[in-house]
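A quick write-up on the structure given underneath.
None of the figures in this text is laboratory data; all of them are computed from the coordinates on show. Because the structure is predicted, anything quoted here is derived from the model rather than measured. Note that we place each Cβ from the backbone using ideal geometry, even for glycine, and neighbour counts take in every protein chain shown.
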Amino acid sequence: MSNDKRILVFSATYNEIENIRELISGIQKNLPNSSILIIDDNSPDKTQEVLKELKKNNKNLFLIEREKKLGLDTAHKAAFKYAIENNFDYLITMDADLSHDPKELPEFVKNLENSPFVIGSRYINGGKCLMKGTRLIMSKIGNQIIKIVSGIKSSEFTTSFRGFDVKNLKDFNLNNVKSRGYSFMMGTLFELERNHIKIKEIPITFYDRKKGVSKIPKVEIFRTLKNLFFLSFNKRFSK
Ligand SMILES: Nc1nc2c(ncn2[C@@H]2O[C@H](COP(=O)(O)OP(=O)(O)OP(=O)(O)O)[C@@H](O)[C@H]2O)c(=O)[nH]1
Ligand SMILES: [Mg+2]
């Protein structure tokens, strides 16, 4: 693995006090030379206080505190901007609830050496989704529907475990993705496709959250469907 790249690992947090220490130590263990950025939206459980304490002994841990819950999409956009402005080469994003395993971070780095965009995929060979019951079925079918309707060559659209070779993405900018909330993850792939950037899938294992509660409202599923048809329509007619 090349050590000359400046790597930023990003996670958004909202009430992740039970997971944050393990996340930070996992990232540091698996990518010791990386920097870490956390954007916290004034978590009522005081996740940010734990981060401030950890920062004292970690010069490569950075924290942006926003005053209220402003959503996952704006957090990811802010991280992309931060990576550009602070001259990072690679940006790798992941959830803070330990659904994404920091052990897989080196695979992202390895793949970013040849691909400008890498997505951790549960639905290609070697990938696993350890969700249960209806959640698993919804996720599987959802990603399959997006694949068919969009015509984009990827089996995964909705995970945030992704890597960007920030300096080699040509005109692509995450801040141009218009879809909000959950659909933002899917919208990113439409924007990549629009810029003719190859989507590289690597297998990941997705673990169901063990601690804390999910923050994504279920209504997001319907918003994603609506946006899927809107984006696919646009894609066809802008050709
Ligand atoms: N800063 C910030 N972080 C958020 C916000 N909403 C969610 N997050 C974080 O984004 C990540 C994903 O949110 P989750 O609630 O785990 O959503 P999910 O993974 O789709 O849902 P589960 O599978 O049920 O966990 C977690 O690290 C959350 O703490 C938000 O509005 N602001
Ligand atoms: Mg989660």
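Answer yes or no as to whether T47 is under 22 Å from K210 (Cα atoms), surrounded by 14 or more Cβ atoms within 10 Å (Cβ to Cβ) and within 16 Å of the chain's Cα centre (by Cα).
No: the conditions fail for T47.
Do we have any residue at all in the stretch 40-58 that's assigned to a strand (DSSP E or B) and more than 9 Å from ligand 1 (Cβ to nearest atom)?
Scanning the stretch 40-58 turns up no residue that is assigned to a strand (DSSP E or B) and more than 9 Å from ligand 1 (Cβ to nearest atom).
Quick check on this structure: which one of K132, K218 is without any contact (Cβ under 8 Å) to a residue 12 or more places away in the chain, farther than 14 Å from V118 by Cβ and within 16 Å of ligand 2 (Cβ to nearest atom)?
Step by step, each of K132, K218 is checked, and only K218 is without any contact (Cβ under 8 Å) to a residue 12 or more places away in the chain, farther than 14 Å from V118 by Cβ and within 16 Å of ligand 2 (Cβ to nearest atom).
Starting from the stretch 224-239, take each residue that is under 22 Å from D73 (Cα atoms) and list its partners that are surrounded by 11 or more Cβ atoms within 10 Å (Cβ to Cβ) and charged (D, E, K, R), counting only C-beta distances under 8 angstrom and pairs at least six apart or across chains.
Going by the 8 Å Cβ cut-off, the qualifying pairs are K235/E193; K235/R194.
Considering only residues that are among the hydroxyl-bearing types (S, T, Y), under 17 Å from S160 (Cα atoms) and in a helix (DSSP H, G or I), which ones fall in the stretch 196-238?
Selection gives T224 alone.
Taking the residues in the stretch 189-224 that are within 16 Å of ligand 1 (Cβ to nearest atom) and of a type in the set (A, V, I, L, M, F, W, C) as candidates, determine which candidate is surrounded by the fewest Cβ atoms within 10 Å (Cβ to Cβ).
So the residue we want is V213.
Applying the selection to the stretch 1-29, what residues are of a type outside the set (A, V, I, L, M, F, W, C), away from ligand 1 (no atom under 11 Å from the Cβ) and either farther than 24 Å from E49 by Cα or surrounded by 20 or more Cβ atoms within 10 Å (Cβ to Cβ) (or both)?
Listed by number, the residues that qualify are S2, N3, D4, K5, R6.
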